[in-house]
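So the structure is just underneath, and the comments pick up after that.
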Amino acid sequence: MMAEEELRTGRIPRFDSSSAKETRTYIETLTKPPGSLGRLEEIAIELAGITKKPFPVVDPPGILVFAADHGIAAEGVSAFPQEITGQMAQNFLRGGASINVLARQIGAAFQLIDIGMAQDIQDPMLISRKIKTGTANFLTNDAMTRQETIKAVHTGFDEATIFIKENGLNSLILGEMGIANTTASSAVIAALGNLAPESVTGQGTGLSPDQVLHKQNVIRQAFKTHTFSTDDPIDVLSKVGGLEIAGMTGAMLAAATQRTPILIDGFISSTAAVAAAKLEPAITDFMFVGHHSTEPGHRVANEWLNKEPILHLGMRLGEGSGASLAYPILQSACAIVHEMATFRDLENY
């Protein structure tokens with residue numbers, strides 16, 4: 001294995017334009033008016049280019065959730081205490097969270113990874129790859145060292161590689177859990193885009209308007225402490241990011257190397273996607289954004305990725321929930337290619 005200070009991102013293959021073109025041509029022969037299935041047709045074409053298969057499949061799906069805590073929670077930027085991270089992790093393991101319900105609904109393999117929770121949970125269903133017990137408070141310190149950040153990216157890469165191969169996955173949904181991670185995500189997006197914190201910082205888990213202002217001010221004050229290299233996502237993640245964000249970044253890179261379509265969830269997931277794209281720009285060809293979060297930073301992240309969310313449901317839960325709801329759309333896109341009749345078929349009836 002490479003030394004921690006050497007970032008390993010894998011080799012991102014090229015989007016296969018030949019397969020995409022073949023699928024587009026085939027769709028034009030289906031028994032429907034040209035373009036009448038709208039974006040569903042474009043999704044099928046994109047999936048063909050991602051998978052290098054003119055007749056793509058996304059079954060079975062897998063959901064990989066990374067859990068970690070954030071030192072910035074000490075500044076009162078969340079409506080909930082830090083202990084909720086561990087409690088929700090236990091809920092995931094019992095199968096009682098929203099993402100568990102949705103995973104069962106779509107028949108997805110599910111795995112929770114502790115990449116940096118403050119609490120130690122002993123459970124055979126939990127993969128413990130803890131880098132440290134939460135990040136430092138980035139108001140006064142770097143959230144992580146550069147080496148810890150790279151280790152978190154590598155951890156996400158390795159776990160996603162194993163998860164995809166062991167379960168024979170044909171699509172990957174990324175989720176997260178960590179109190180105060182919308183604060184970290186807002187800081188990361190603001191730093192990478194050289195934006196004012198208030199333009200990308202929202203209510204998170206349900207803050208009041210005054211609490212949102214406090215959250216924005218905390219990030220603004222933190223920016224006076226740090227100097228960022230905006231072209232270096234590892235630098236930004238290490239100073240104001242989160243372990244689960246870095247883990248998802250690595251997991252996305254791993255999926256792309258295996259030509260596995262990536263379903264991005266909400267704001268935190270899209271923040272990791274931006275970091276991954278900063279490292280390997282070609283990775284955006286392998287991504288779909290499942291839904292549009294009400295967090296203002298999500299719109300900014302999606303614009304940077306040049307992605308239009310599939311669903312608009314007013315959600316802001318995280319966990320991979322919005323991406324899981326969008327997954328059946330990808331299934332349907334594959335189904336029309338596999339199952340619809342062509343006009344030539346009609347001639348043979």
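The values are calculated or read from the model by the stated rules, or taken from the named source; none is laboratory data. Just so it is clear, the model here is predicted, and its values are computed rather than measured. Using ideal geometry, Cβ is built from the backbone for each residue, glycine included, and neighbour counts are taken over all protein chains shown. Just so you know, the surface numbers come from the protein's heavy atoms only, side chains and all, with ligands and any DNA or RNA stripped out. Shrake-Rupley method; radii C 1.70, N 1.55, O 1.52, S 1.80 Å.
Quick rundown of the values:
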| item | result |
| --- | --- |
| Straight-distance crosslink candidates among lysines, where the alpha carbon sits under 29 Å from Lys307 and sequence neighbours closer than 8 are dropped | Lys21, Lys32, Lys52, Lys53, Lys151, Lys165, Lys215, Lys239, Lys278 |
| Residues listed by number, the stretch 53-73, amide nitrogen under 13 Å from Thr205 label point at 7 Å toward C-beta | 68-73 |
| Structure-based [θ]222 nm, the chain - -39500 (n - 2.57) summed over DSSP H runs of at least 4, per residue, nearest 500 | -15000 deg cm²/dmol |
| Phe343 paired with Thr294, simple spin-label distance in nm, labels 7 Å along Cα-to-beta-carbon | 4.7 |
| For the chain, built as a Gaussian network whose Cα springs stay under 10 Å, the top-fluctuating residue of Ala273, Ala20, Ala160 | Ala20 |
| Farthest positive-ward along the stretch 119-158 dipole, Cα basis, beta-carbon charges - from Phe157, Thr133, Gln119 | Phe157 |
| Cα extents of the chain along the three principal axes, largest first (Å) | 72, 42, 38 |
| Sequence-separation-based contact order of the stretch 241-295, relative, with Cα cut under 8 Å and 6+ spacing, percent | 40 |
| For the stretch 1-156, Kirkwood radius (reciprocal of mean inverse C-alpha pair distance, Å) | 19.2 |
| Per residue accessible area of the stretch 106-263, 1.4 Å probe, in Å² | 34 |
| Crossing angle, helix 181-193 versus the chain [Cα axis fit, 0-90 degrees, rounded to tens] | 80 |
| In degrees, nearest ten, helix 209-223 long axis to first principal axis of the chain (Cα) | 80 |
| Degrees, to the nearest 10: 146-167 long Cα axis against longest axis of the chain | 30 |
| Alpha-carbon spread of the stretch 227-298, three principal axes, descending order, Å | 35, 29, 18 |
| Kirkwood hydrodynamic radius of the stretch 85-200, Cα pairs, Å | 16.0 |
| Estimated dipole of the chain in Debye, rounded to 20 [Cβ of Lys and Arg +1, of Asp and Glu -1, Cα centre] | 200 |
| Under 15 Å, Cβ to Cβ, from Thr31 - net charge with Lys/Arg +1 and Asp/Glu -1 | -3 |
| Theoretical gain in end-to-end length, Arg94 to Arg8 [0.36 nm per residue, Cα-Cα removed] | 27.6 nm |
| Residue among Thr182, Gly320, Gln147 farthest towards the positive dipole end of the chain, charges placed on Cβ | Gly320 |
| Between the stretch 1-51 and the stretch 195-230, the alpha-carbon center distance in angstrom | 36 |
| Separation in nanometres of the label points that stand 7 Å from Cα toward Cβ, at Leu213 and Gln331 | 4.7 |
